[in-house]
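Quick note: the coordinates plus some simple rules give every number you see, no bench work behind them. Values in this document were obtained by computation on a predicted structure and should not be read as measured data. Note that each Cβ is placed from the backbone with ideal geometry, even for glycine, and that neighbours are counted across all protein chains shown.
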Amino acid sequence: MNKLELIAALKNEANISKSDAAKAIQIFFDSMADAMAKGERVEIRGLCSFFVKSYKSYTGRNPKTGEKVTIQPKKLPFFKCGKELKDRVDY
Amino acid sequence: MTLTKAQIVDSIQDKFGFPRKECVKLLETMLEEIKKPLTNGEDVMISGFGKFCVKEKKERKGRNPATGDDLMLAPRRVVTFKCSQGLKEKINN
């Protein structure tokens, strides 16, 4: 499922216009992205939580050429599946 | 500070001006529509944010760390998240 299909599904289930469904979905994902950009944690009960993890710089290798490259320090979101979703997805 | 549903409901309310109860319902409906495909084993991809993937894990040997007993872990299905390039850049700037 992609964003457009999610918009269509929300439009039908919530009985709102397509543009309102698109706005609501944008608010949801933008709020989470903005929070993580500020380094904040995100916790959506039943779905998932995120926190931003910092990784130090390290020397890696270009797998094609074997050349050494320095990987700059970076931050990545760390995803943790919520309990309800976890139980529902598993067999 | 942790971002929770309450703040997202606030943002929805600011934007739409609906009664709060309806904003809560709208968010819950949205979450359900995201969970539905995942429950059926279908990935959910949100451009500019990331992809929620359903991964099949095979049966594997494990060990009870408390007793040291060998045991078989049943095959299971889990959700993973792959961050989009856009979100990665946003977090790192």
Rounded to whole Hz, the Karplus (6.51, -1.76, 1.60) HN-Hα couplings of segment A:52-65, x for glycine and proline: 8, 10, 9, 10, 6, 6, 8, 8, x, 10, 6, x, 6, 9
Within chain A, list the GluC sites (Glu not before Pro) lying in a DSSP loop whose Cβ has at most 10 other Cβ atoms in a 10 Å radius. A:Glu67
Mind putting a number on the dipole of segment B:1-40 about its Cα centre? Charges go on the C-beta only, +1 for Lys and Arg and -1 for Asp and Glu, and I need it in Debye to the nearest 20. 80
So who's got an amide H within less than 5 Å of the one on B:Leu3, skipping anything under 5 residues away but keeping other chains? H placed 1.01 Å off N, in plane. A:Arg41, A:Val42, A:Glu43
On a 20 Å Cα-Cα criterion, which of the cross-link pairs A:Lys18/B:Lys88; A:Lys3/B:Lys88; A:Lys68/B:Lys88; A:Lys83/B:Lys57 come out too long? A:Lys18/B:Lys88; A:Lys68/B:Lys88
Given segment B:41-93, what whole percent of its Cα pairs are spread farther than 19 Å? 51
Mind listing the long-range amide H neighbours of A:Lys75? Cut-off is under 5 Å, sequence gap 5 or more, other chains count too, H placed in the peptide plane at 1.01 Å from N. A:Tyr55
Signed unit charges on C-beta, dipole axis of segment B:32-93, positive-most listed residue B:Gly86, B:Val54, B:Gly68: B:Gly68
Only counting other Cβ atoms within 10 Å, I'd like B:Ile91, B:Ile12 sorted with the fewest neighbours first. B:Ile91, B:Ile12
Using mean Cβ contacts within 10 Å as the protection proxy, how do B:36-49, B:55-68 order, highest first? B:36-49, B:55-68
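Listing B:Lys35, A:Lys11, A:Lys74 from the residue with the fewest other Cβ atoms within 10 Å to the one with the most, what is the order?
On the way: B:Lys35 21, A:Lys11 18, A:Lys74 13.
Ascending Cβ contact count within 10 Å gives the list A:Lys74, A:Lys11, B:Lys35.
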As an exercise, take the mean of 1/r over every pair of distinct alpha carbons in segment B:1-40, invert it, and state the Kirkwood radius in angstroms. 10.8
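Using the number of other C-beta atoms within 10 angstrom as an exposure proxy, rank B:Asp10, B:Asp70 with the fewest first.
Least crowded to most crowded, the residues run B:Asp70, B:Asp10.
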In whole Hz and in residue order, list the ³J(HN,Hα) couplings for segment A:24-37 that follow from phi through the Karplus curve 6.51 cos²θ - 1.76 cosθ + 1.60, θ = phi - 60°; x for Gly and Pro. 4, 5, 5, 4, 4, 6, 5, 4, 5, 5, 4, 4, 5, 4
On C-alpha positions alone, give me the angle between the axis of helix B:5-16 and the longest principal axis of chain B, in degrees, nearest 10. 30
Counting only other chains, and only Cβ atoms inside 10 Å, what mean value do you get across the residues of A:66-75? 1
Going by alpha carbons, how many degrees (0 to 90, nearest 10) lie between the helix axis of A:3-14 and the longest principal axis of chain A? 30
Translational diffusion coefficient (Stokes-Einstein; Kirkwood radius from C-alpha pairs) of segment A:16-91 at 4 °C, 1.567 mPa s, in µm²/s: 84
Angle, helix B:20-39 long axis vs. longest principal axis of chain B, Cα atoms, 0 to 90°, nearest 10? 30
Fraction of alpha-carbon pairs in chain B farther than 23 Å apart, rounded to whole percent, equals 52
If amide hydrogens are placed 1.01 Å from N in the peptide plane, which non-local residues have theirs closer than 5 Å to the one on B:Gly50? B:Ser84
Largest first, please: the extent of the C-alpha atoms of the protein assembly as shown along each principal axis, to the nearest Å. 54, 41, 32
